[in-house]
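Quick notes on the structure that follows.
Read-outs throughout are calculated quantities, based only on the coordinates presented, and are distinct from any laboratory measurement. This structure is a prediction, so every number in the text was calculated from the model and none was measured.
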Amino acid sequence: MQQRSVTLQNPTGLHARPGRQLVELAKKFNSDIRLVKENTRCNAKSLMKVLQAGFGEGSTITIECEGSDEEFALAALVDYVSNLKE
């Protein structure tokens, strides 16, 4: 398993549109991907779970990837969250 923390800088957080885009990106990988904020852990391939987690501006999100393509998945998701701006 690989993991990395990133701070969400998007002023509106991870709401419906960027949340959907993140889920679509996560679904491209075979690895299990989870987003963690404090004591909340959610499946990055489930839009409902991502939206329920309430990732707002300034949230530190730990992205955990486990599987055959975990390196690529982690790099892609960290890049997406780090560069998310609206």
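Brief remarks on what is shown
- Gyration tensor verdict on segment 2-82 (Cα atoms; rounded if a/c is under 1.5, prolate if a/b is larger than b/c, oblate otherwise): prolate
- In this entry, segment 9-50 is assigned a mean projected area of 3.2 nm², taken as a quarter of its C-alpha convex hull surface.
- Angle between the chain longest axis and helix 16-26 axis [Cα atoms, degrees, rounded to 10]: 10 degrees
- In the chain, the longest principal axis of the Cα atoms and the axis of helix 70-82 are about 10 degrees apart.
- Among Ser46, Ser68, Ser59, residue whose mean-square fluctuation peaks in a GNM of the chain (springs only between Cα atoms under 10 Å): Ser68
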